[in-house]
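The values are calculated or read from the model by the stated rules, or taken from the named source; none is laboratory data. Quantities reported herein were computed from a predicted structural model and do not represent experimental measurements. Neighbour counts are summed over all protein chains in view; Cβ atoms, including those assigned to glycine, are modelled from backbone coordinates with ideal geometry. Each accessible area value is taken on the protein alone, full model and side chains, heavy atoms only, with ligands, DNA and RNA left out. Shrake-Rupley method; radii C 1.70, N 1.55, O 1.52, S 1.80 Å.
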Amino acid sequence: MDNKKFYRILIPGVSVYLWIIFIFIGVLVFYKHWLIAAIAFLIFCYLLYYNARSKYLKTREITKYIENLTFHVDSATKDTLLHFPLPMVVLHLDGIIAWYNSSFGKIFEGEELFEKPIQSFIKDIQISKLIEDQHNISFNFTYKERYYHILGNVVKIDSVPDANYMIVLYWIDHTELKNLKSKYRDEKMIESIIMIDNYEEVMQSTDDAYRPQVLADIDRRLTSWVSFTGGVLKKFERDKYIFIFEHKYLNKFEEKKFDILDSIREINIGNKIPVTLSIGIGLNGDTIAQNDAYARAAIDIALGRGGDQVVIKDGDQLKFYGGKTKELEKQTRVKARVVAYALRELISQAEQVIIMGHQNGDIDSVGASIGLYRGVKNKGKVGYIVLNSFNPTVHNLLSRLEKVEEYHDVFISRSQAIDMVTDKTLVIVVDTHRTSFTECPELLQKTDHIVVIDHHRRGVEFIENAVLTYHEPYASSTCEMVTEILQYMEEKVKLSTLEAEALYAGITVDTKHFSFKTGVRTFEAASFLRRAGVDTTSVKQLFQNDLDTFIARADIVKAAEIFRDNIAISVCPENIKNAQLIVAQAADELLNIMGITASFVMCKVNDEIIISGRSLGDINVQVILEKLGGGGHLTVAGAQLADVSVESAREQLKMAIDKYFDEISEKS
């Protein structure tokens, strides 16, 4: 039992005793003891009076105490608000200042604040937004180089007539905190790796007497470029430097678009080939080691995109500067030989090999896959090629392969590949380095044995877990790279005429019949394939079009719009057969028009806008289409836009072109 209840039972209240006395008086009256009853009644009346007076005095005492307490609390509250260390202001619902404390007045010292709208002092404040947030008002504000975090709520005030609700705001000065954060950020160390990406070629093209002068001039220009930072620039290999500097200087480098790229390219001291740099910068890692990893990843991306550019890796974010020049062909085949030996060992150790290219495979992707399939078969291993969808240019080649009995079960679907793959399967990806672009991305999750062979400039997405990567953006095509690999995989390469023609066709298409990105090694690869039995007339027949395709292509060329005097933009009509093929051919055809240095043709396929870009080399179509999420090479690139109309895609393309030229003009 509760102690209080037990106490009340043992010691009842005063009213209980009064009732007992009253009953006792009644009993006396009933038995006619008048004298005793009269005395008891007088005592009863006195007790009633005494009890009532005691209650009155006690109640008045309590009331007085409460009134005094309330007075002191109100006084303390008013004094606290007036001298509250945080600036505080009370607003009417229309933003008029109703009251503020002295701390708030000091912020706007010299200003008349009372009964003035706060919007006249804080231009960006939205009263409707404050009312909407009510109990969770929170925003930042800058005034006279002071940074404030403002908190508040909407309160109900019954004592104020005609103003049931008012807005109360508390200002917290975060200036010191923000300055400290800025100082911390500015003083964080950034690591960058600088590499002369064509060192071998420059040295080979320079006479012995001038080589030291070229290297000395590179060192001098780099030292001059970094001198204002107070950072550390050290050469740790003959063609590589490490540069460590504070974060606050990065903006200055970015404002000048890393002009060191142009400065180095201007070196002309007996070198017949311009010197180009690639720079990889890593920042905002959790540790110095992580910044180092970011910098190394950034330099790999820069080299994978063709060099002569800067890549900044900030966590998962990437920024690109430069990359406006053509890739320089590597004269040495050492890397091709090393890759061929490594690939041969990987094939020998695998139970089976699955080869796949990119989605909607073209002649370069399929041709390279066929060449590698022959290399796998020559090693006595089982090989397959994943092919779900393909470009119309491949149709004639596949029709010929259908007549070859060996290829009846070689091409498999995506689902077949997923069922077939094991942890001992070797997966070779050709003509793409992006996981999402492959024919079957799921395969890359089911095995650790992955090889990537590609010639496209590297983008943000990359297959990172490959055991062997042969990525050379200088190469004309993946078929050229595969042709070189096959020559080193065995002494006598066994290629059928049709397989050689498939590889030759891939080189032909990507070089536009040996007109673009064609180097010495391209002709050497073509020469090897010609000796393997290629019939150039037979290859030409692979690309023959029907009359409807020819007419559609001519109509697109006829409807072209000339933009910025030297760029042709056209649109392929909807519901045309083989639209993607026609778009690519029309883009090539537009470059034959005098004065046109770049062309873009777009078409709508399955609710997506496909854009093909072509250039003679003066305009970098890769950089332009990267702004739309695409990629490719300086002279050949593409992009896909989802959920947009053709007109909207055209406007986005024009904006990307304008932005490209704005960046060039800013740089110059």
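Near Thr469, the amide H atoms lying under 5 Å from its own belong to Val452; only residues 5 or more places off or on other chains count, and H is placed 1.01 Å from N. Computed from backbone phi, the HN-Hα couplings of region 462-470 come to 8, 6, 7, 8, 6, 7, 8, 10, 10 Hz, rounded to whole numbers (Karplus: 6.51 cos²θ - 1.76 cosθ + 1.60, θ = phi - 60°; Gly and Pro given as x).
Among the listed values (1) 17, 49, 32, 3; (2) 13, 31, 29, 19, 8, 1, 0; (3) 14, 33, 23, 13, 8, 6, 3, 0, the one matching P(r) over Cα pairs in 20 Å bins from 0, in percent as calculated from this structure is (3).
Amide H to amide H distances under 5 Å link Ile137 with Gly152, where only residues 5 or more positions off or on other chains count and H is placed in the peptide plane. When each full DSSP H helix of the chain is screened for a Cα extent of at least 15 Å along its own axis and an average Kyte-Doolittle hydropathy of at least 1.0, the helices passing are 14-30. Relative protection proxy for 562-575, 585-598, 500-513, from highest mean packing down: 500-513, 585-598, 562-575 (other beta-carbon atoms within 10 angstrom). Taking the Cα centre of the chain as reference, the dipole from Cβ charges on Lys and Arg (+1) and Asp and Glu (-1) amounts to some 2300 debye. Placing unit charges on the Cβ atoms of the charged side chains and taking the dipole of the chain about its Cα centre, the candidate lying farthest along the positive direction among Ala502, Ile299, Val382 is Ile299. Taking the 1.4 Å solvent-accessible surface of the chain as the whole, the part contributed by carbon and sulfur is 54%. A simple charge model with +1 on the Cβ of Lys and Arg, -1 on the Cβ of Asp and Glu and nothing else charged puts the dipole of region 115-271 at about 440 debye relative to its Cα centre. Each of Ile611, Ala579, Ala656 was placed along the dipole of region 570-668 (beta-carbon charges, centred on the mean Cα), and the one lying farthest toward the positive end is Ala579. Entry comment: accessible area of the chain is 53 Å² per residue, from protein heavy atoms only and a probe of 1.4 Å. Packing here is the average count of other Cβ atoms within 10 Å per residue, and on that basis the peptides 350-356, 439-445, 409-415, highest first, run 350-356, 439-445, 409-415.
Peptides 381-393, 138-150 ranked from most to least packed, by the mean per-residue count of other Cβ atoms within 10 Å: 381-393, 138-150.
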